[in-house]
Amino acid sequence: MGLIGGTVGYWILKTLCPGGESGYLSGEAYANKSKLGVLFGERFFDDIRGRTVIDFGCGTGGEAVEMAERGARRVIGVDIRDSWLAAARRHAHAHGVSDRCVFMTSPDQRADVIVSLDSFEHFDDPAAILRVMDGYLAPGGKVFATFGPTWFHPLGGHLFSVFPWAHLLFTERALLRWRKSIRPNQTATRITECGLNKITIRRFEQIVAGSPFRFDHFEAKPIRGLQVLARGPLREFGTAVVRCTLVRKSEVDAAAA
């Protein structure tokens with residue numbers, strides 16, 4: 001990976017982005033909007049109405065609370081960070097939904113719907129996560145997942161994309177040296193140790209194919225204005241986000257029999 005490395009690569013990165021914030025991926029696309037509605041469409045809220053939902057990787061609980069407010073019978077926010085779970089509980093209490101919106105490190109019941117928002121590019125082992133989700137899902141349930149940018153997207157390097165495709169242009173060593181200059185406590189020797197698994201659309205499709213699930217719906221949503229790049233072999237470079245619905249293969253096969 002990468003063509004520009006060494007001191008030259010490091011100097012260019014430090015010059016272009018000395019503070020570590022490129023200004024990309026700011027979340028402005030969701031300003032004053034429902035992120036769930038933007039990514040899944042407004043019909044998503046019909047799918048969760050009256051159902052038990054697990055928000056897998058709930059963070060500080062914004063989307064979990066919104067789902068409770070918009071008709072879910074019970075929402076279980078799941079995350080591994082205790083500080084985020086505590087913040088999510090405060091958020092639910094402030095919005096008056098603590099009776100039907102709870103937060104924990106593992107769910108206390110199976111759900112009709114599992115939601116995964118902006119997480120599959122960060123999981124250390126996405127295949128293992130799908131197996132975990134299989135155990136959390138009630139019979140006949142569905143997984144709604146959306147994530148991006150994927151690795152070959154112009155900003156697929158997240159923090160490392162100081163300009164479009166910078167994470168592909170610079171060597172991994174130069175990128176990590178630059179990151180360490182901003183975050184001195186970093187000990188990572190690979191980008192995959194920085195919470196970014198380099199997932200591509202093709203790899204995600206392969207992971208799903210080897211999982212207990214199949215696609216009920218799949219969409220590689222193109223980058224606005226770059227639709228031509230989202231076709232055929234250029235799909236990896238022109239896709240903004242992946243969004244899909246997963247169902248169990250065993251249940252589909254049983255229904256077809």
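So which of PHE163, PHE213, PHE218, PHE144 ends up being within 17 Å of the chain's Cα centre (by Cα) and farther than 23 Å from ARG81 by Cα?
Working: PHE163 fails: within 17 Å of the chain's Cα centre (by Cα); PHE213 fails: within 17 Å of the chain's Cα centre (by Cα); PHE144 fails: farther than 23 Å from ARG81 by Cα.
Step by step, each of PHE163, PHE213, PHE218, PHE144 is checked, and only PHE218 is within 17 Å of the chain's Cα centre (by Cα) and farther than 23 Å from ARG81 by Cα.
Can you name the residue in the stretch 7-43 that is at pLDDT 90 or above and either exposed (fewer than 12 other Cβ atoms within 10 Å of the Cβ) or of a type in the set (Ser, Thr, Tyr) (or both) and, of all such residues, is nearest to ARG183 (Cα to Cα)? Looking at the filtered set, the residue picked out is TYR10. So is ALA128 open to solvent by less than 40 Å² (accessible area, probe 1.4 Å), under 20 Å from the mean Cα position of the chain (by Cα) and without any contact (Cβ under 8 Å) to a residue 40 or more places away in the chain or not? The answer is yes for ALA128.
The single residue among PHE170, PHE215, PHE160, PHE152 that is touching a Leu at 6+ places or on another chain (Cβ under 7 Å), within 25 Å of PHE40 (Cβ to Cβ) and in contact (Cβ under 8 Å) with a residue 24 or more places away in the chain turns out to be PHE215. The strands (runs of 3 or more DSSP E) located wholly in the stretch 29-143 that include 2 or more residues which are of a type in the set (Gly, Ala, Ser) occupy 111-117. LYS198 falls short on exactly one of the conditions (1) basic (Lys, Arg); (2) within 14 Å of TRP151 (Cβ to Cβ); (3) open to solvent by 60 Å² or more (accessible area, probe 1.4 Å), and that condition is (3). Does the stretch 181-199 contain at least one residue that is in contact with a strand residue (DSSP E or B) (Cβ under 7 Å, 6 or more places away or on another chain), of a type outside the set (Asp, Glu) and closer than 27 Å to TYR10 by Cβ? No, every residue in the stretch 181-199 fails to be in contact with a strand residue (DSSP E or B) (Cβ under 7 Å, 6 or more places away or on another chain), of a type outside the set (Asp, Glu) and closer than 27 Å to TYR10 by Cβ.
Checked against the criterion of being at pLDDT 95 or above, open to solvent by less than 10 Å² (accessible area, probe 1.4 Å) and of a type in the set (Ser, Thr, Tyr), the stretch 73-88 has no qualifying residue. Within the stretch 220-242, is there a residue that is closer than 18 Å to PHE123 by Cβ, modelled with pLDDT of 90 or more and not charged (D, E, K, R)? For the stretch 220-242, residues closer than 18 Å to PHE123 by Cβ, modelled with pLDDT of 90 or more and not charged (D, E, K, R): present.
Scan the stretch 243-253 for residues that are open to solvent by 70 Å² or more (accessible area, probe 1.4 Å) and modelled with pLDDT under 90 and jot them down. It would help to see each step written out before you state the result.
Residues of the stretch 243-253 open to solvent by 70 Å² or more (accessible area, probe 1.4 Å): 250, 253.
ASP253, the sole residue that qualifies.
Within the option set GLY141, GLY135, being open to solvent by 30 Å² or more (accessible area, probe 1.4 Å), within 23 Å of ALA72 (Cα to Cα) and not basic (Lys, Arg) holds for one residue only, GLY135.
Matching residues to (1) basic (Lys, Arg); (2) more than 25 Å from LYS35 (Cβ to Cβ):
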{"residue": "ARG202", "(1), (2)": "yes, yes"}
{"residue": "VAL208", "(1), (2)": "no, no"}
{"residue": "PHE215", "(1), (2)": "no, no"}
{"residue": "PRO233", "(1), (2)": "no, yes"}
{"residue": "PHE237", "(1), (2)": "no, no"}
{"residue": "CYS244", "(1), (2)": "no, no"}
{"residue": "GLU251", "(1), (2)": "no, yes"}
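The values are calculated or read from the model by the stated rules, or taken from the named source; none is laboratory data. The model shown is predicted, which means the values in this text are computed figures rather than measured ones. Please note: Cβ atoms are built from the backbone with ideal geometry, for glycine as well, and neighbour counts cover all protein chains shown. Surface accessibility is based on the protein's heavy atoms, side chains included, excluding ligands, DNA and RNA. Shrake-Rupley method; radii C 1.70, N 1.55, O 1.52, S 1.80 Å.
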